[in-house]
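**Student:** Below is a structure I'd like to ask you about.
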Amino acid sequence: MRTPEDLLSAMTLTEKIGQLTMVTADYAVTGPTVATDVTGALRAGRVGSLFNLYGTGATRAAQKVALEETRLGIPLFFAHDVIHGFRAICPIPLGEASAFDPTLWKATGRWAATEAAEAGLDLVFAPMLDVARDPRWGRIAEGPGEDTRIGRAVAEAKVNGFQGRDLAAADAVAACAKHYVAYGACAAGRDYASVDISDRTLEEVYLPPFKAAVEAGVATVMAAFTDLAGVPLTAHEGLLDGVLRRRWRFDGVIMSDYGAIGELMAHGVAADLTEAAALALRAGVDIDMMAYAYEKGLPQALERGLVTVEQIDRAVMRVLELKRRLGLFDDPYRRRPAGRAELPPVDAAARRAAREVAGRCLVLLRNRDNILPLPDVPGSIALIGPLADAGPEMLGNWTAAGRGDEAISVLAGLRRILPDAPITHAPGGTIDGETIPADALADTVAAAEQADHVILCLGEAGWMSGEAACRARLDLPGAQEALARAVLDVGKPVIVLLFSGRPLAMEEIFDRAAAVVACWFPGVEAGTAIADLLTGAVNPAAKLPVTWPRHVGQVPIHHAQRPGGRPFDAKNKYTSKYLDMPNTPRFAFGHGLSYTTFGLSGIKTRPMPGGVVVLGAVSNDGRRPGKTTLFLFVRDPVARLSRPVLALARFETMHLGVGEARRFGFTLTREDLGFLDEASKPTFEAGQFDLFLGFSADPERLTQVSVTVG
Ligand code: GLC
């Protein structure tokens, strides 16, 4: 077998740069430009990897060209955005984060990897690890939510799920930690806008999930589109070479995002493609995704002495090493054997799994008078709203090879699970229509008046979140608030099912509805999973991975804020507040109800050398078995730096039978209790620490114990 070194020594400059060039095919459009004459470029050795192409036949054909019609026959790798499933689409990542279950996250990663590899993919552009605290940003939907520790747990789970133990295995795919780094802090929640955060916030909030991915062995990292304090990540030598490669010893492949090297000119840091290519290569970017900057700019950069052959060779070697680790030199058809079906099916087993995962990600926000679950034999149902029979919308954004016509809508799910319940469906207009036709509105009111149970399906379309899908407002789109008001005015208890890629501000509905379920976009088995929750077949356990604002004016709002010098005091005018809105969110990070109730007891601490052990018990005090998540937050009330009022230190999701009590014990070390000093080095200050335990970050419901740690 030719070694990467042998290949490198035989390669021309064009062939070397070809290995550094990733080009999109045409199975999906995920960026502003598309490629032309891909096969011609392949034959000329000007492409080293393809994305947005999948299926055994298509990838096999392209691989054949690379192997048999190029001078050196170097295999391609094939990549795609497999963000929350490949064929069987699961809840969007923000929804899956609601499960607070790393075992689940790893399992769905393994499942997606198997499906993707079965369709000829070698690499997935996932996990997306951008901590996000601004729901105006559409990509909050794609990530782990607002908390760094959750981001770290998602990173480890997904990298292990996707890559498995052996990257060369036929059902393993290379993962890609993206978008490095702090993309979620873009100004005003507007995608691609500048990022300006402190070094401390960068180190404490945004970098750790990527460090966790590197520690888990992630094969690739994708640089973010954005600049950080004026330095675009695509040209950020300090963070790419300095932190990723030198500090964290990452030896995998760094790729740009879609066209981002060329966009260094728009950033205003490169006068032309040659300068852009030189900046990116020197910073540590190995693969140019869809800018053709390396192809068009690196030869001139070499001539002008802006880069060296050694820098090009180092990048080429990392790409060849990735292909070797993927087993592509041993068997380039490993993930695309002849005779295999073009795409894996969404079979009954996949649907069962997708239904179970979706059921873990539905957050019960309100349940006044325990109106849910519905009676064992429900009466007639009015199913109202533009998302009641909207199967394709249930997949959300980044739907890979999922098909909207395969998704189970709420209407279809209820009909399947409750075949004897009379269901009247009244859409009441469209998702974003500015008006509701009078007859459509009348139909909804009539349906609500005549039914025993009123279920209102509201929210966003799948395209209203994800990339380049930011919203300046967090209201319900279109005329849905008017629809909700008309249905609520009928005066019956209303159950709201909310579909969105972000928290939505809808105070009146939250005040007036009897029950509200945040469904996010639950995936291919949305309707059956929701029916399971409504009927009580599944006891909801999910919790919010993001704080839920009352209004967009409160953003950014999250649980880990620092106190400031004048924290809110209702009795003192001169404290931190709004004149027209409470400071408190509508729902806290971690909020989520169950059909049973859980209690916390016996909390005590036990000192240990350099740390403390926190003990106690969680009990199921209700009448149904169920799951809940226990959170442990920490605060250092006095340190040489002002510390967050709540920093998540531990979380554990547990299942408890009726009457069951489960003892827990969390060990906190100096590392958990410490922080980064002015030089971003871990430090610890002995003294008092306030520990908070509870089932969400709602300060009114946390139990506090204080300890002194030496
Ligand atoms: C897009 C996204 C990135 C995705 C890539 C390839 O612009 O920013 O998340 O993986 O291009 O589709």
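**Student:** Among the candidates A172, A193, single out the residue that is closer than 28 Å to E321 by Cβ, of a type in the set (G, A, S), in a loop (DSSP other than H, G, I, E, B) and in contact with a helix residue (DSSP H, G or I) (Cβ under 6 Å, 6 or more places away or on another chain).
**Tutor:** The unique qualifying residue is A172.
**Student:** Next question, about the same structure. Out of F125, F78, report the one residue that is touching a helix residue (DSSP H, G or I) at 6+ places or on another chain (Cβ under 9 Å) and crowded, with 23+ Cβ neighbours inside 10 Å.
**Tutor:** The unique qualifying residue is F78.
**Student:** Could you check, for region 100-114, whether at least one of its residues is of a type in the set (S, T, Y) and either within 16 Å of the ligand (Cβ to nearest atom) or in contact with a Leu (Cβ under 8 Å, 6 or more places away or on another chain) (or both)?
**Tutor:** No, region 100-114 has no match at all.
**Student:** Do you know which of the residues in region 333-372 that are hydrophobic (A, V, I, L, M, F, W, C) and assigned to a loop (DSSP other than H, G, I, E, B) is surrounded by the fewest Cβ atoms within 10 Å (Cβ to Cβ)?
**Tutor:** A338
**Student:** So, in region 229-251, exactly how many residues are within 16 Å of the ligand (Cβ to nearest atom) and within 20 Å of P209 (Cβ to Cβ)?
**Tutor:** The qualifying residues number 2.
**Student:** May I pose another question? So, V34, is that one away from the ligand (no atom under 16 Å from the Cβ), free of Cβ contacts under 8 Å to residues at least 40 places away in the same chain and either surrounded by fewer than 21 Cβ atoms within 10 Å (Cβ to Cβ) or among the charged types (D, E, K, R) (or both) or not?
**Tutor:** no
**Student:** Out of all the residues in region 39-50, which are away from the ligand (no atom under 12 Å from the Cβ), within 31 Å of the chain's Cα centre (by Cα) and free of Cβ contacts under 8 Å to residues at least 60 places away in the same chain?
**Tutor:** Selection gives V47 alone.
**Student:** Exactly one condition in (1) touching an Asp or Glu at 6+ places or on another chain (Cβ under 9 Å); (2) under 30 Å from D511 (Cβ atoms); (3) hydrophobic (A, V, I, L, M, F, W, C) is false for L600; which is it?
**Tutor:** (1)
**Student:** When the residues of region 268-299 are filtered to those that are surrounded by fewer than 24 Cβ atoms within 10 Å (Cβ to Cβ), outside any loop (DSSP other than H, G, I, E, B) and among the acidic types (D, E), which remaining residue is nearest to the ligand (Cβ to nearest atom)?
**Tutor:** Checking each candidate, the answer is E295.
To keep it simple, each residue is scored yes or no on (1) at negative phi; (2) free of Cβ contacts under 8 Å to residues at least 40 places away in the same chain; (3) within 16 Å of the ligand (Cβ to nearest atom).
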| position | (1), (2), (3) |
| --- | --- |
| L121 | yes, no, yes |
| P127 | yes, no, yes |
| V131 | yes, no, yes |
| P135 | yes, no, no |
| G145 | no, no, no |
| I150 | yes, no, no |
| K158 | yes, no, yes |
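**Student:** Restricting to strands (runs of 3 or more DSSP E) lying wholly in region 612-710: which have 3 or more residues that are among the β-branched types (V, I, T) and within 27 Å of the chain's Cα centre (by Cα)?
**Tutor:** 626-635
**Student:** While we're on this one: Any residue that is within 16 Å of the ligand (Cβ to nearest atom), under 21 Å from S194 (Cα atoms), in contact with a strand residue (DSSP E or B) (Cβ under 8 Å, 6 or more places away or on another chain) and of a type in the set (S, T, Y) - is there at least one of those in region 252-259?
**Tutor:** Yes: one or more hits.
**Student:** Among L53, L94, which is in a loop (DSSP other than H, G, I, E, B), crowded, with 18+ Cβ neighbours inside 10 Å, at negative phi and within 16 Å of the ligand (Cβ to nearest atom)?
**Tutor:** L53
**Student:** Just a yes or no: is a residue in region 456-475 closer than 24 Å to G189 by Cβ, among the hydrophobic types (A, V, I, L, M, F, W, C), within 16 Å of the ligand (Cβ to nearest atom) and surrounded by 22 or more Cβ atoms within 10 Å (Cβ to Cβ)?
**Tutor:** Checking region 456-475: at least one residue is closer than 24 Å to G189 by Cβ, among the hydrophobic types (A, V, I, L, M, F, W, C), within 16 Å of the ligand (Cβ to nearest atom) and surrounded by 22 or more Cβ atoms within 10 Å (Cβ to Cβ).
**Student:** Starting from region 282-296, keep only residues that are within 12 Å of V319 (Cα to Cα), then list their pairs with residues that are within 14 Å of the ligand (Cβ to nearest atom) and among the small types (G, A, S) whose Cβ atoms are within a distance under 6 Å, requiring at least 6 positions of separation or different chains.
**Tutor:** Short answer, once both residue conditions are applied: V285/S256; D288/S256.
**Student:** From the list G73, G85, exactly one residue is assigned to a loop (DSSP other than H, G, I, E, B), within 16 Å of the ligand (Cβ to nearest atom) and of a type outside the set (S, T, Y). Which is it?
**Tutor:** G85
**Student:** For region 196-234: of the residues being hydroxyl-bearing (S, T, Y) and assigned to a loop (DSSP other than H, G, I, E, B), which is nearest to G466 (Cα to Cα)?
**Tutor:** Among those that are hydroxyl-bearing (S, T, Y) and assigned to a loop (DSSP other than H, G, I, E, B), it is T226.
**Student:** Which residue, of I254, I261, is assigned to a strand (DSSP E or B) and touching a helix residue (DSSP H, G or I) at 6+ places or on another chain (Cβ under 9 Å)?
**Tutor:** I254
**Student:** Need pairs with beta-carbon distance below 7 Å; first residue farther than 21 Å from G95 by Cα and within region 362-377, second in a strand (DSSP E or B); sequence gap 6+ or separate chains.
**Tutor:** Between residues of region 362-377 that are farther than 21 Å from G95 by Cα and residues that are in a strand (DSSP E or B), the close pairs are R368/A515; I371/I495; I371/A515; L374/H453.
**Student:** Moving on. Any idea how many residues of region 526-561 are assigned to a loop (DSSP other than H, G, I, E, B) and farther than 29 Å from R355 by Cβ?
**Tutor:** 10
**Student:** Which count do you get for residues in region 13-31 that are in a strand (DSSP E or B) and more than 16 Å from the ligand (Cβ to nearest atom)?
**Tutor:** Qualifying residue count, region 13-31: 0.
Every number in this text was worked out from the coordinates using simple rules, so none of it is lab data. This is a predicted model, so every value here is computed, not measured. As a convention, Cβ positions derive from the backbone with ideal geometry for all residues, glycine included, and neighbour counts pool all protein chains shown.
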